[in-house]
Amino acid sequence: MLKNSRRLSLLKLNKLYSLSQLTKIVQEHKKRGQRVVLTNGCFDLIHAGHIRYLKESKRKGDILVVALNSDSSIRKLKGKGRPILNQKERVEILSSFYFVDYITFFKEKNVEKVLLSLKPDIHAKGSDYTKETVPEKETVKAYGGKIAITGGPKIRSTSQLIEKIVLGIKK
């Protein structure tokens, strides 16, 4: 029993860091020769597509960093009523996944600021993109990183799930 509780206490459940803190941490991982993968998104109402995307992104390297849209950036992107889960809840959920190593917030329209600070070896995007349509592709290319499309075919979106829930409630 003691062995299991010790292991649990060693498991860091809050993986959230500021961008400046994370920049130093990522530099240390790179000095050790570890490949850093960065992915980003809202992750509002986690579904199977998110899990596939995150797991496959992790397999592309040694360290997986998730840049999470802040509540204010989600409102700008998705509109009224979003996010469903606030950023504190979304961090708690993502922190519980063994395949996520670090999380940071971004409030900008895209993740370029995070990419330029961390310079991950790989920038992973979901299958709703192609390597040619990734908005930050030129930024990644400029510092020498690579783009990876992960997660398999897009099976659903959070917006579709919300619509399905709302329609189900109205019946």
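If you scan the stretch 93-126, which residues turn out to be at negative phi, surrounded by 14 or more Cβ atoms within 10 Å (Cβ to Cβ) and of a type in the set (D, E, K, R)? Across the stretch 93-126, the qualifying residues are Asp101, Glu112, Lys113, Asp121, Lys125. State all residues of the stretch 116-150 that are out of contact with any Asp or Glu (no Cβ under 7 Å at 6 or more places or on another chain), among the small types (Gly, Ala, Ser) and under 20 Å from Gly33 (Cα atoms); if no residue qualifies, say none. Across the stretch 116-150, the qualifying residues are Ser117, Ala124, Gly144, Ala148. If you scan the stretch 139-154, which residues turn out to be of a type in the set (Ser, Thr, Tyr) and in a helix (DSSP H, G or I)? Of everything in the stretch 139-154, those that are of a type in the set (Ser, Thr, Tyr) and in a helix (DSSP H, G or I) turn out to be Thr139, Tyr143.
Might you check whether a residue that is in contact with a Ser or Thr (Cβ under 9 Å, 6 or more places away or on another chain) and not aliphatic (A, V, I, L, M) occurs anywhere in the stretch 31-39? So far as the stretch 31-39 goes, yes, one or more of its residues are in contact with a Ser or Thr (Cβ under 9 Å, 6 or more places away or on another chain) and not aliphatic (A, V, I, L, M). Evaluation of Ile147 against the conditions (1) among the β-branched types (Val, Ile, Thr); (2) modelled with pLDDT of 95 or more; (3) surrounded by 21 or more Cβ atoms within 10 Å (Cβ to Cβ) shows that the sole unmet condition is (3). Among the residues of the stretch 12-54, those that are in a helix (DSSP H, G or I) and under 17 Å from Asp128 (Cβ atoms) comprise Ala48, Gly49, His50, Ile51, Arg52, Tyr53, Leu54.
The values are calculated or read from the model by the stated rules, or taken from the named source; none is laboratory data. A quick note: this is a predicted structure, and the numbers were derived from the prediction, not measured. Positions of Cβ are generated from backbone atoms using ideal geometry, with glycine treated the same way; all protein chains shown enter the neighbour counts.
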